[in-house]
Amino acid sequence: MNILILSGRFGMGHIKAAAAIEEKVRARGEQVHVQTVDLVSYLFPHTSNSIYGGFHLMVSYCAELYKAVERTGAAPLKKASCRKIHRLLAETKADLIISVLPICTQYFAAYKQISGCQLPLYTYITDIPFHKEWYADACDRYFVGARSTK
């Protein structure tokens, strides 16, 4: 089985969650290949540093604004990203997708809906309070860290 974990550099919590899942899967000792990919950098290689830099500036200097913005799960260029996601799946031969970042869930869920892909999408919600941005119709299973999130 090939497991693809989708993450990104919007705070270290997502990176740490991806590493913890990867470590847990490998510790099982089964015939499983697991790989983590920064989906934002994969989809937008020429602008990802600007995307991450802008996010860092916003949370560092405009934290109140960031908290006040209603996060809806909007992910730009979903249809245009399908070709790259298809290529990523061909490269990794993934059998299961795990997302630890809301935007990754949104992009892969959109890919599933547009392409008809049947690969399971599991989302590990790394925030304690639930935000709408985590939810996607095409997600097959959610994992949470607190009962209140459930």
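Normalised by the residues of the chain, what does the relative contact order come to in percent, with Cα pairs under 8 Å and at least six apart?
Normalised by residue count, the contact order of the chain is 25 percent.
Which one of His14, His33, His46 has the biggest mean-square fluctuation once the chain is modelled by GNM with Cα springs under 10 Å?
Top of the fluctuation ranking is His46.
Given H placed 1.01 Å from N in the peptide plane, which residues other than close sequence neighbours of Ile3 have an amide H under 5 Å from its amide H?
Here His33, Val34, Gln35, Asp95 satisfy the definition.
With r as the distance between the Cβ atoms of Val144 and Met1 and R0 = 25 Å, compute the FRET efficiency 1/(1 + (r/R0)^6) and round to 0.05.
The formula returns an efficiency of 0.60 here.
Hey, any idea what % of the chain's accessible area is carbon plus sulfur with a 1.4 Å probe?
Taking all protein chains in place, the chain shows 56 percent carbon and sulfur surface.
How would His131, His86 line up by accessible area, probe 1.4 Å, largest first?
His86, His131
Quickly estimate the mean residue ellipticity at 222 nm for the chain, helices only: each DSSP H run with n ≥ 4 gives -39500 (n - 2.57), and the total goes over all residues, rounded to 500.
-14500 deg cm²/dmol
The values are calculated or read from the model by the stated rules, or taken from the named source; none is laboratory data. Since we're looking at a predicted model, the values are computed, not measured. Neighbour counts run over all protein chains shown; Cβ positions are idealised from the backbone, glycine included. Surface areas here come from the heavy atoms of the whole protein model, side chains and all, with no ligands, DNA or RNA. Shrake-Rupley method; radii C 1.70, N 1.55, O 1.52, S 1.80 Å.
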